[in-house]
Each structure stands twice: as C-alpha cells, then as structure tokens.
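Just below is one structure, and these are the notes that go with it.
The values are calculated or read from the model by the stated rules, or taken from the named source; none is laboratory data. All of these numbers come straight from a predicted model, not from anything done at the bench. As a convention, Cβ positions derive from the backbone with ideal geometry for all residues, glycine included, and neighbour counts pool all protein chains shown.
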Amino acid sequence: MNGQSGPLLSVKNNQNIKKRTGGLSMLGPLLIRGAIPLGLLVTGWIGYCWLSKEGEKPKSAPPEPKAIRTRVIELRVQDYPVIVSAQGTVQPNNEISVSVQVSGPIIYISPEFQDGAFFSKDDLLLELDSVDYKASVAVAEARLHRYQAGMVLAKLNHERNTEIIKEDLISKAEADITAATLSQVKADVDSASAQLDQAKADLERTRVLAPFDGRVRHRNVGLGQLVGANTALGVVYAVDFAEVRLPIKGRDLAFVNLPESETAAFVPVGLRDTPTHPASTNVWNARIIRVEGALDRDSLELFAIARVDDPFGRKSGKAPLRIGQPVVGLITGRVLHDVVALPRVAVRQLDQVFLIDPIDLTLRAHTIVPLWSDEKHVVVRDPLIRNGTMLATTQLVYAPDNAKVEIIPDIPTNTTPEVSPNLSEAKPATASSIAKKKNPGS
C-alpha cells in the first residue's frame, strides 16, 4: 500500500500545480486589459487638472473713486415772509329766501328775477294780482270816512251839552252820554284807520321789491302761479361782498396775526384758483376780518373768515368769483428774520441736506431743524449754514461723506428753485464761481 500511495500523491500534486499555473496564466491578460482604460482615465484626469488650472493674473491698481456730479446753489441768510396756504369755498355774505306775505296769482315777473340775474335794491322782482287788495283799501277808506263824520257830529253834541249843563238846562247824565258817544266814535275812527293801513300794506305787499343789491341763485315760481302767504319765491344773495371760510392748521397759528377783535388790523389774503385750474392766473384781494370762536372738533383747525369786496367785478371789471368756487387763500403771515430758505427738492428724508466744501469740493451730510416749511421751501435758522454755503440740489442715490463733487455747469434759470418774490434769488453755483471761492485773488 505504501508503494502505491507514493505515485498517487505525485499525480495529485502535479494536478494542483497545473491548476495554479493555469489560473496565473489567465490573470495576466485580465490585468493588461484593465490597466489600459485605467491608464486612459488617469491621463485624462491629469490633463483636465492641468488645463483647468487658472493662471495667476497680474494685480491691477485700484480704480480712482468717481466724482459725484450734482447741481449746486449758493445759500443766503435773509428775511423770509411766511405765507400760510389754506383752501376754502366762496360763500355769499347774505343769502335769503324771497317770499310773499299775501296770496294771489302772479301777474308779473321781472327779467331781473331770473336764475343768475343781477338786481339792485328796491327793484320790482314780482307782482301779484292786486284787484282784491285795491277793493279792500277802498272799503277801508269809506269806513274811515264814515267814522270820521260820526266823530265830528259826536264832538259837536258833546261841546253843546257841555255849555248847556252850565245853565242847568240838561241833566248830568245826558252830558255823560254824549261824552261816552264821542269816545266810542274816536275808537271806531282809530280802528278804521288801522284797517286802512293794513289794507294799504297788503296792497303794497303784492309787489315784491329787492331788499339789497344782489343776484338770483334760483327762482321757484312761474307766471300765473297762485301763491300763498310765506310761499318761497326763490333764493337771492347779496353781491356787495363775499366770504371765504379758510381753515388754518394748529402748527400755522403761531405764524399768523389773526384779528381777535373788531378793532384789530385786518390780515391781507390773496385768493387764487385751486390747482385743478392750472391755466387760471386770476388773483382776488381779500382780508381776514374775523375768526370763529372755537377750533373745529374733528380737525382742530381754526377757521378764519376772509372778505372779498366786489366779488363779481361789477365795479372793478376784474374776473368774477363764483359762489361755491373753491379757492386757495395765501395768508400773509409774520416775517422770519435771519433765516435760510432751502429749496424743498434739496431736502432728503430725515431732514438731511448735502453741503459742499468750496475749497476741496467734497460732500458732507448735514441734518437740519426746520423752522417753517411750505410747498417750495424749508426754512431753517442754522449757525452752520452761512452766506455763500454751497448746497447740492440734485437727487443723489449714493453720497458718502467726503466724496468728491463735480459741479454740473450752466444750470438753466427755469430750473433754479423758486424763491418768494420779495426775497433775493438763490443763485446757482457754477464751476467759475467755485473757482473764485477757491482762489479769491484770481
């Protein structure tokens, strides 16, 4: 058995060796085939990394800061007259409803009693049929004459009895009767006289006369219409002057000297059309004659009453004011001394402005405290803003402190901020004026 086992083991060992060598022979080609694509991937990756690597760029010098371009004006310390603006509506001073105190059909209507027509005081506006009232006057006159004749007879009887009683020819009772009769007849005469006056008054009331110089707002009746006592015939108003009720805000009251009594001086007011009529340039002179006794409960405003003489221009020939027309009242207020009027366009939010250093032309933000402001100006009293101070008027989106400024030259006059007529004009600053400030001797 030992002799046989030896050959068998050698055979098995040979077979195992063949298996191992066969496996190694197969692994070689597999490694070669896998190494080729792997090498390609590695080569591609190295090439990609080399190509995608950015080269170092040469460092450039930082850009110089760009100057801010703006328009500039020179500011001036001066006196500023406050003008308070308020909007109101033209109202008639005296407006009434015309009526009659008697009844009857309308037989006449004057051409001056038409809608919108003007009339003068005591003009005949309307007339009623007066036949019945004339008859009443005639009856009252006849009654009065009858009583007057009876009074004459009663007076003669009483005088005769007064003489006779002295001679004791009649009794005292008879004399008393004639005296009583005379008193009764006198009373009848007085009653008849009063009835005659009433009849004449009723006859006169058939004619409706104008109570003042005025204008007809509207008429309510027509020719032939039967009207009764107290029937409203129409509405008329006086034309000698009109009034405008102007609300003044609480913050503006300190800048206006309003009349608090009848002896106080009137405050002048200029009335203009509202901005809804931009083409109108009419100005009507008015004056505040009184103020209302209390502030408005809702708005806390005080209403001032401005009077306009001859509102329809019948005497002056000026453009007429219309009843119900909205107007803007420009009320003359106090004068602020030693202040600077800044154009509103130059004031930013949070009450900030940009001042220009005239020497090195740099920008500087400055916060102001407004003393007064209106639609066009913001008025301040600031010790840091003196005569000749340069103010930037262009709307600047980015304006850091100490930024360089380039002055926009040749500003048209019509773009200059408007200043009150009695103020010195704020002059636009040009490059030449800035140069003169930098070099005064040039």
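Worth pointing out:
- Yes/no for Val327 being surrounded by 19 or more Cβ atoms within 10 Å (Cβ to Cβ), in contact with a strand residue (DSSP E or B) (Cβ under 7 Å, 6 or more places away or on another chain), not assigned by TED's automatic domain parsing to the domain that holds Leu253 and not in a loop (DSSP other than H, G, I, E, B): no
- Check on Leu321, assigned to a strand (DSSP E or B) and either buried (at least 16 other Cβ atoms within 10 Å of the Cβ) or modelled with pLDDT under 95 (or both): no
- Any chance Glu262 is acidic (Asp, Glu) and not assigned by TED's automatic domain parsing to the domain that holds Gln325: no
- Qualifying residue in the range 298-306 (condition: exposed (fewer than 15 other Cβ atoms within 10 Å of the Cβ) and on the phi < 0 side of the Ramachandran plot): yes
- Cβ separations smaller than 8 Å between residues 6+ apart or across chains give the following pairs from the range 145-159 residues that are more than 12 Å from Ala192 (Cα to Cα) and assigned by TED's automatic domain parsing to the domain that holds Thr181 to residues that are modelled with pLDDT under 85 and hydroxyl-bearing (Ser, Thr, Tyr): Ala154/Thr178; Ala154/Thr181; Asn157/Thr178; Asn157/Thr181; His158/Thr178; His158/Thr181.
- Scoring Val208 on the criteria (1) part of a loop (DSSP other than H, G, I, E, B); (2) surrounded by 11 or more Cβ atoms within 10 Å (Cβ to Cβ); (3) of a type in the set (A, V, I, L, M, F, W, C); (4) assigned by TED's automatic domain parsing to the domain that holds Pro105 leaves a single failure, condition (1).
- Residue match in the range 248-266 (condition: assigned to a strand (DSSP E or B) and either closer than 24 Å to Asp310 by Cα or aromatic (Phe, Trp, Tyr) (or both)): no
- Pairs are defined by a Cβ separation below 7 Å, a sequence spacing of at least 6 or placement on different chains, a first member in the range 175-203 that is in the same structural domain as Met151 (by TED's automatic domain parsing), and a second member that is at pLDDT 85 or above and among the charged types (D, E, K, R); the pairs so defined are Ala192/Arg143; Gln195/Arg143; Leu196/Glu141; Leu203/Lys134.
- Among the residues of the range 83-117, just one is polar (S, T, N, Q) and free of Cβ contacts under 8 Å to residues at least 40 places away in the same chain, namely Ser110.
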